[in-house]
Amino acid sequence: MRMPADLGEKPGSSNLRRSLDRDLTRQIDILDEKSAPRIIHSGEDILVEHLPAGTRVIYPNPPMQPLANPRAAVRYALTHPENSEPLYALLKPGMKLTIAVDDISLPLPMMKTPDIRQSILEHVLELAADNGVDDIEIIIAVSLHRHMHSWEVKRMVGERIFNAYWPKKLYNHDAEDRENIVSLGQTELKEEVALNRRAVESDLLIYVNINLVPMDGGNKSVAVGLSSYESIRAHHNSHTMVRCHSYMDPARSALASSCDRMGAIVHSQLKIFQIETCLNNDFYGDSPLKFLGKREDELTRVERTALDATVWSLNKMPREAKRKLFHSIPANYGLVAVNAGETNAVHARTLDTNFAQYNVPVRGQADVLVCGVPFISPYNANSILNPILVQVMGLGYFFNMYVGKPLIKKGGVLILTYPLTDEFNATHHPSYIEFFHRLLPESNDAAALEKKYEEEFARNPAYIDMYRFGNAYHGVHPFYMWYWGEAGRQHVGKTIIVGSQTESVPRLLGWDSAPDLTTALEMARDFTSPNPQITMMHHPPIVIAQTE
């Protein structure tokens, strides 16, 4: 069935594929001696650096055109789902309905209001009311992430829904509420599947997802977002993480395979209606920093002046003020796809759109890969990017931003730019502090740390209380962040951090440090070859290398 003309073509259709057959040659630039200096993000700072001639710069694809009428697109998806009856046909008077929704680990940074989750919740709740459903609860699927603050929830779902449901009927999932966790059994590989009791005992579970990158969504939504520590440790472990090639390539990801096995058990016992959304990468929109989303050789004279003024101003600001400034600027993401229905059918369409937006074909691997680490990760919304999170951004996410082969050669050098400090948010990341200061001085071997210490942190009563009744990440969470960097650690020969504010932090992470990029590149040449192939990934926005 064709969609109305104002919605555009459904993701996966031939017309959409043709519209994405754009010229990608402008996404890769080989620099020469006359090239303009390149913008490299470094936390809340911006570096403007001349890179050596021959450096390959990979730019994100331009933002896909957003759907002309997002509300109509959502309505269409709910009434024309994949491998499912329309949502209105599944809603019955007297039924128990649970709606689960992604937390604010996505998107990065927060999107302009109204958040797409608010828009979808409004549609779903209206349909439920029209069909006589009044036993409704909304669960924020935080998994082992921190519980969202009430003001964050209000911004995400909108004032009307917040006032009507918070906190009795709209609340954070609690992975440690043992009375409200139900075991569904084990997979053939003995992976424990346990979920939130309310979700399990509902007549229908609706999951509202934001699929920012290919590793999100699908069976991972319910099997991770609403589960327990016992379930999550089945795949969030060092052994599984090193068998993901990569996290952004679900067909080759051991994590995705584990979630699919769990999902088969979940779907055999629960009725689930999955709603997945894809956003474009319009990171800056019309904000005062919109020039940061352009290629440097396309900047106007006015924009170059604005860039110089921004760099000068940031250099004068205290770190905390810069952090507050960047966290306060919402992204201009536009909805480019929404699909609903049976999880696997929905997710296949979602992945088509993700790959179309983010994948850039790249020929050949790099000896040296340069990545600027921005101010935000999935785990520091409205918080601090501490050293463990800088590590997971570099060796976890940026290393894994590939499909096919890693962008960096085995034994190559990864150069990251970030003003590393020994700074943590004690409210959000208390167990990170102990992990960093007590465990890393002993070892940075993921398997050894897992065997010796994971259970201790996971069962620590103080950390459990801070997770359940405060806004702290689960006590085990820093272990998972360390495991996520394990594949990168085993692949990369040397990691060099540029701009660290202390010598001790890189040393604990197992990294070398350099005062500036020129020095780091000289160190990389000494380690690899006198004439290495240098590649820079121009984050943000997101770019995934489809490496041949």
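The values are calculated or read from the model by the stated rules, or taken from the named source; none is laboratory data. Note that the coordinates shown come from a computational prediction; the quantities given were computed from them, not determined experimentally. Here Cβ is always computed from backbone atoms with ideal geometry, including for glycine, and neighbour counts include all displayed protein chains.
Yes or no: S227 crowded, with 16+ Cβ neighbours inside 10 Å, farther than 24 Å from I275 by Cβ and touching a residue at least 60 places away in the same chain (Cβ under 8 Å)? No.
Has the range 314-323 got any residue that is outside the structural domain of P107 (by TED's automatic domain parsing) and either crowded, with 24+ Cβ neighbours inside 10 Å or polar (S, T, N, Q) (or both)? Working first, answer last.
Taking the range 314-323 first, the residues outside the structural domain of P107 (by TED's automatic domain parsing) are 314-323.
Applying the additional criterion that residues be either crowded, with 24+ Cβ neighbours inside 10 Å or polar (S, T, N, Q) (or both) yields 315.
Looking through the range 314-323, at least one residue is outside the structural domain of P107 (by TED's automatic domain parsing) and either crowded, with 24+ Cβ neighbours inside 10 Å or polar (S, T, N, Q) (or both).
Selection over the range 250-291 of residues that are assigned to a helix (DSSP H, G or I) and in contact with a Phe, Trp or Tyr (Cβ under 6 Å, 6 or more places away or on another chain) gives a count of 1.
Anything in the range 382-415 that is among the small types (G, A, S) and touching a Leu at 6+ places or on another chain (Cβ under 8 Å)? List them, or say none. Of everything in the range 382-415, those that are among the small types (G, A, S) and touching a Leu at 6+ places or on another chain (Cβ under 8 Å) turn out to be G394, G412. Of the helices (runs of 4 or more DSSP H) entirely within the range 51-136, those holding at least 1 residues that are aromatic (F, W, Y), within 21 Å of L335 (Cα to Cα) and assigned by TED's automatic domain parsing to the domain that holds L205 occupy 70-79.
Residues checked against (1) surrounded by fewer than 21 Cβ atoms within 10 Å (Cβ to Cβ); (2) part of a strand (DSSP E or B):
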site: N471; (1), (2): yes, no
site: H474; (1), (2): no, no
site: M481; (1), (2): no, no
site: T519; (1), (2): yes, no
site: M523; (1), (2): yes, no
site: M536; (1), (2): no, yes
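Yes/no matrix, rows are residues, columns are (1) among the small types (G, A, S); (2) surrounded by fewer than 23 Cβ atoms within 10 Å (Cβ to Cβ); (3) in contact (Cβ under 8 Å) with a residue 24 or more places away in the chain; (4) in the same structural domain as L407 (by TED's automatic domain parsing):
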site: L189; (1), (2), (3), (4): no, yes, yes, no
site: A199; (1), (2), (3), (4): yes, no, yes, no
site: Y207; (1), (2), (3), (4): no, no, yes, no
site: G217; (1), (2), (3), (4): yes, no, yes, no
site: S221; (1), (2), (3), (4): yes, no, yes, no
site: H235; (1), (2), (3), (4): no, no, yes, no
site: S246; (1), (2), (3), (4): yes, no, yes, no
site: D249; (1), (2), (3), (4): no, yes, yes, no
site: A264; (1), (2), (3), (4): yes, yes, yes, no
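For every residue, the table says whether it meets (1) buried (at least 24 other Cβ atoms within 10 Å of the Cβ); (2) without any contact (Cβ under 8 Å) to a residue 40 or more places away in the chain.
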| residue | (1), (2) |
| --- | --- |
| L335 | no, no |
| G341 | no, no |
| A348 | no, no |
| V362 | yes, no |
| G372 | yes, no |
| N382 | no, no |
| M393 | yes, yes |
| G404 | no, no |
| V413 | yes, no |
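The residue pairs whose first member lies in the range 294-319 and is without any contact (Cβ under 8 Å) to a residue 60 or more places away in the chain and part of a loop (DSSP other than H, G, I, E, B), whose second member is small (G, A, S) and surrounded by 11 or more Cβ atoms within 10 Å (Cβ to Cβ), and whose beta carbons are closer than 6 Å, counting only pairs six or more residues apart or on different chains, do not exist in this structure.
Yes/no matrix, rows are residues, columns are (1) over 21 Å from the mean Cα position of the chain (by Cα); (2) over 16 Å from V505 (Cβ atoms); (3) assigned to a helix (DSSP H, G or I):
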{"position": "A337", "(1), (2), (3)": "no, yes, no"}
{"position": "V346", "(1), (2), (3)": "no, yes, yes"}
{"position": "L369", "(1), (2), (3)": "no, yes, no"}
{"position": "L389", "(1), (2), (3)": "no, no, yes"}
{"position": "L395", "(1), (2), (3)": "no, no, yes"}
{"position": "L414", "(1), (2), (3)": "no, yes, no"}
{"position": "R438", "(1), (2), (3)": "yes, no, yes"}
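Within the range 116-154, how many residues turn out to be hydroxyl-bearing (S, T, Y) and either within 23 Å of T277 (Cα to Cα) or in contact (Cβ under 8 Å) with a residue 60 or more places away in the chain (or both)? Outline the logic, then answer.
Filtering the range 116-154 down to residues hydroxyl-bearing (S, T, Y) leaves 119, 143, 150.
Then keep just the ones that are either within 23 Å of T277 (Cα to Cα) or in contact (Cβ under 8 Å) with a residue 60 or more places away in the chain (or both); that gives 119, 143.
The number of residues fulfilling the criteria is 2.
Residues that are within 29 Å of L325 (Cα to Cα), part of a loop (DSSP other than H, G, I, E, B) and not acidic (D, E) within the range 24-48 comprise A36, P37, listed in sequence order. Count of the range 433-476 residues, restricted to those that are touching a His at 6+ places or on another chain (Cβ under 8 Å), of a type in the set (S, T, Y) and within 16 Å of I388 (Cα to Cα), is 1.
The residues of the range 85-116 that are over 18 Å from H145 (Cα atoms) and either touching a Leu at 6+ places or on another chain (Cβ under 6 Å) or surrounded by 20 or more Cβ atoms within 10 Å (Cβ to Cβ) (or both), listed by number, are L87, Y88, L90, L91, L97, T98, I99, M111, D115, I116. Considering the range 415-430 alone, what residues qualify as being crowded, with 24+ Cβ neighbours inside 10 Å and among the polar types (S, T, N, Q)? T417 - this is the single residue of the range 415-430 that is crowded, with 24+ Cβ neighbours inside 10 Å and among the polar types (S, T, N, Q).
On the basis of being in the same structural domain as A141 (by TED's automatic domain parsing) and touching a residue at least 24 places away in the same chain (Cβ under 8 Å), does I329 make the cut? So I329 fails the test.
Does L184 satisfy the condition of being part of a helix (DSSP H, G or I) and surrounded by fewer than 24 Cβ atoms within 10 Å (Cβ to Cβ)? No: the conditions fail for L184.
Listed conditions (1) in contact with a Ser or Thr (Cβ under 8 Å, 6 or more places away or on another chain); (2) closer than 20 Å to P532 by Cα are all met by L385, apart from (2).
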